[in-house]
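This report concerns only the one structure given below.
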Amino acid sequence: GEPPYALNPPEILAAHLKATGGKVVTRFPPEPNGYLHIGHAKAMHMNFGFARRNGGQTILRYDDTNPEAEEEEFFDAIDREVRWLGHSYCAKTYSSEHFAKLHELAVQLIKIGGAYVCHMTQEQVKASRLVLQDAHKPGGSELREQDVPAAAKSPWRDRSVEENLRWFARMRAARVAEGEACLRFKGDLASPNPNQWDLTAYRVKFARHPAVGAGWCIYPTYDFTHCLIDSLENVTHSLCTLEFETRQAPNGPYYWLLDKLGMYKPQTWEYGRLNITHTVLSKRRLNMLVTRKHVDGWDDPRLLTLAGLRRRGFSAETINKFCELVGVTRADGVLTNYEQLEVVARAELDVCARRLMAVLRPLRVVLTNLDGTRTVSVRNHPKDESMGSREVLLGRTIFIDHSDFRLEDDPSYYGLAPGKEVGLKHIGLFARCDDVVRGPDGAVLELRASLDFNSAERAKKAQPKGVLQWVPAEGSVPLAEVRLYDRLFTVPNVAAHDDWLGCINPASLERVHGALGEKAIVECTPGTRVQFERVGFFVCDQDSGARGLVFNRILGLKESKDK
Ligand code: ATP
Ligand code: MG
Ligand code: MG
């Protein structure tokens, strides 16, 4: 928890401490090029969590240096999602608000010989880096200066400061075409760290910026921006995912640049990215799924975007708890089971979700020996009396679920079959199937059953599995749609497949129409989470409206063993 004061000389440290008052400062720096996902929840858990534990504060920083990829919609969504997870930031900043300062620092860097304008094509740069890679033995140390191959050096590497300043000014003044010139660090080609091999600092892009508009046509790269803004914002601890490790290493460009410019140095630290089975978390991939309409938008409940998870019925508490559980790992490429998230969610839902009865595929049952109606008092939660109870009117006609009836019984089957008895939930009696009404095509249309009014004692000991949920015909509520979700991809490690789009599960969404709920279901509004007894946990979807209620299955009642 101690800030990294040792990295900084006393006078720089003094200025930093004056700015922060010695408080821990972290930042969460998403690029507004998509919606946040559960991986970002982990990043927030790390950054906000670390600051909180150390009495510090966290900046929400839009890392908006890539105007083509960024959109207004994403800026708003990010802010919403951060707050939804319960994090409060001390300030909201934009990398773009520092563009003038960054430009000034770039000019300063040129003046001290730390950057040059280069005209190589991307292919030429790539080729020169390969030459350098060959010259460096894998895992080797510094090259001797004279062993750096000439072909690894940009022909413009040694041009004069004046010439660099002139060219950079031209870039800034829109007098250079995209790709015709870029500003590169004049790093250290002899370094064993490839991130020191003259990375790009600024490139020309004739793109309107979503936050600052049309003022700029040169944009700084991540490598130029990130360390400088961490420093300008007086971040004490800059926590990143492992792919940035070599950039933030003591011999990497993060510290190199701050050192060159004589700026305050934050402490950097890396952790493993969160990866989850049967899904993708990269925004590039999520974007493809959305724009190619493999899913219905960024908040599709099959996606592990925070918007998707919320719509799927996962709470902020569950997501945070899950992040806590997967914990801090320095290991890279770990694949976390989606079921781990379900375990956390199920524990929470089991406690807080009110119970209701619903049948997804109704099968009519006439209770032939019931006269009139009875009122059954039903608890809203079996273990929590404070959640109250409701009255369900039992009449002669009820519906059970089609899957709870079979023409052929078998010993492992708990449902109803001709001549067989089952319990009915909350009635406390057994019902026997006496007769099956079938259509001309043999389809089962209706059952006739009788209640055993003397079975109360026996029914108390009935196997819970064999006690069916039901919905009274009278007052039952037709549901507009019930959506049953399955995993979005058929393979656990999606990223390992080149043809990852080919691994999409064609049956990831089943829309059930014709489901019925008991009367009390009308109390559900979008966001209400309930348990449909014996079926699963569901959340009322925002698509509910005049057409009726729509429910999304959050998850099943039990951990499935086949998954
Ligand atoms: P993506 O590929 O999803 O765009 P990114 O790293 O480019 O990922 P950013 O929006 O730049 O996404 O991320 C903001 C912060 O969240 C960064 O610090 C990044 O390291 C972190 N982050 C992103 N994805 C994950 C993940 N899967 N697990 C943990 N942290 C993540
Ligand atoms: Mg990024
Ligand atoms: Mg990205």
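Which residue, chosen from Val344, Val550, Ala106, occupies the Cα position most advanced towards the positive end of the dipole of the chain, where the dipole is computed from +1 (Lys, Arg) and -1 (Asp, Glu) charges on Cβ about the Cα centre?
The residue sitting farthest along the positive end of the dipole is Val344.
Arranged from highest to lowest average of other beta-carbon atoms within 10 Å per residue, in what order do the peptides 307-317, 72-82 appear? Could the numbers behind the result be given before it?
Values: 307-317: 21.7, 72-82: 17.5.
Put in order of decreasing packing, that is 307-317, 72-82.
Give me Rg over Rh for the range 263-384, both radii from the alpha carbons and Rh done the Kirkwood way, two decimal places.
Details: Rg = 22.0 Å, Rh = 18.7 Å.
Using Cα coordinates only, the ratio equals 1.18.
Please determine, in degrees from 0 to 90 and to the nearest 10, the orientation of helix 10-20 with respect to the longest principal axis defined by the Cα atoms of the chain, where the helix direction is its Cα long axis.
Once rounded, the angle reads 30 degrees.
At q = 0.24 Å⁻¹, what log₁₀ I(q)/I(0) does a Debye calculation on the Cα points of the range 358-469 give, no solvent, two decimals?
After summing over all Cα pairs, the log10 values are -1.54.
Among 264-271, 519-526, what's the highest-first ranking by average C-beta atoms within 10 angstrom per residue? Kindly include the intermediate steps, with their values, before the conclusion.
Numbers: 264-271: 21.2, 519-526: 16.4.
Listed from highest to lowest mean packing, they are 264-271, 519-526.
So for the range 168-307, Kirkwood radius off the Cα pairs, Stokes-Einstein at 37 °C and 0.692 mPa s: how many µm² s⁻¹? Before the final figure, lay out each step's value.
Numbers: Rh = 17.8 Å.
Estimated via Stokes-Einstein, D reaches 185 µm²/s.
Kindly flag which residue pairs out of Lys23/Lys283; Lys111/Lys153; Lys186/Lys265; Lys23/Lys260; Lys18/Lys321 have an alpha-carbon separation exceeding 29 Å in this structure. Intermediate results must be reported in sequence, preceding the final value.
Values: Lys23/Lys283 33 Å; Lys111/Lys153 20 Å; Lys186/Lys265 20 Å; Lys23/Lys260 26 Å; Lys18/Lys321 36 Å.
The pairs that break the limit, which is 29 Å between Cα atoms, are Lys23/Lys283; Lys18/Lys321.
I'd like the Karplus ³J(HN,Hα) series for the range 200-212: coefficients 6.51, -1.76, 1.60, θ = phi - 60°, whole numbers in Hz, and an x wherever there's a Gly or Pro.
Once rounded to whole Hz, the list reads 6, 9, 9, 9, 7, 9, 8, 10, 6, 8, x, 9, 10.
Post the alpha-carbon centroid distance, the range 50-114 to the range 490-563, in whole angstrom.
36 Å
For the chain, report the convex hull volume of the alpha-carbon atoms normalised per residue, in Å³, without decimals. Show your work: numbers first, answer last.
Details: hull volume 107.8 nm³, N = 563.
Hull volume over Cα atoms, normalised by residue count, gives 192 Å³.
Can you list the HN-Hα couplings for the range 242-253, worked out from phi with the Karplus curve (6.51, -1.76, 1.60; θ = phi - 60°), rounded to whole Hz and with x for Gly and Pro?
Karplus values, whole Hz, x for Gly and Pro: 4, 5, 9, 3, 6, 6, 9, 4, x, 9, x, x.
Can you tell me the 0 to 90 degree angle between the C-alpha axis of helix 72-84 and the longest principal axis of the chain, rounded to 10?
60 degrees
If you scale each eigenvalue of the Cα gyration tensor by 5 and take the root, what three semi-axes come out for the range 83-172, rounded to whole angstrom and sorted largest first? Walk me through the numbers on the way to the answer.
On the way: eigenvalues 226, 105, 32 Å².
Semi-axes from the Cα gyration tensor: 34, 23, 13 Å.
Does anyone have the angle between helix 222-232 and the longest principal axis of the chain? Alpha-carbon axes, 0 to 90°, nearest 10?
90 degrees
Taking the mean number of other Cβ atoms within 10 Å as a proxy for protection, how do you rank 224-235, 420-431, 442-453 from highest to lowest?
Details: 224-235: 23.2, 420-431: 20.8, 442-453: 14.8.
Ranked by mean Cβ neighbours within 10 Å, highest first: 224-235, 420-431, 442-453.
Once phi is turned into θ = phi - 60°, what whole-Hz ³J(HN,Hα) does the Karplus curve with 6.51, -1.76 and 1.60 give for every residue of the range 369-379, x standing for Gly and Pro?
Whole-Hz 3J(HN,Hα) from phi for the range 369-379: 9, 9, 9, x, 10, 10, 9, 10, 8, 10, 6.
If you project the alpha carbons of the range 5-271 onto their three principal axes, what span does each projection cover, largest first, in Å?
54, 41, 35
Report the Cys residues of the chain lacking a disulfide-compatible partner, meaning no second Cys Cβ under 4.7 Å from their Cβ.
So, Cys90, Cys118, Cys182, Cys217, Cys227, Cys240, Cys323, Cys352, Cys433, Cys503.
Kindly provide log₁₀ I(q)/I(0) values, in the same order as q = 0.26, 0.28, 0.31 Å⁻¹, from the Debye equation applied to equal alpha-carbon scatterers of the range 13-56.
Values, matching the q order: -0.88, -0.94, -1.03.
Taking H placed 1.01 Å from N in the peptide plane, check which residues at least 5 places from Tyr62 or on another chain put their amide H under 5 Å from its amide H.
Thr93, Tyr94, Ser95
For Ser544, which sequence-distant residues (separation of 5 or more, or a different chain) have an amide H within less than 5 Å of its own amide H, given hydrogens modelled in the peptide plane?
Those lying under 5 Å, H to H, from Ser544 are Val550.
Computed from the coordinates by the stated procedures, all read-outs in this text should not be read as laboratory data. Because the structure is a prediction, the values reported are computed rather than measured. A quick note on method: Cβ atoms are made from the backbone with ideal geometry, for glycine too, and the neighbour counts reach across all protein chains shown.
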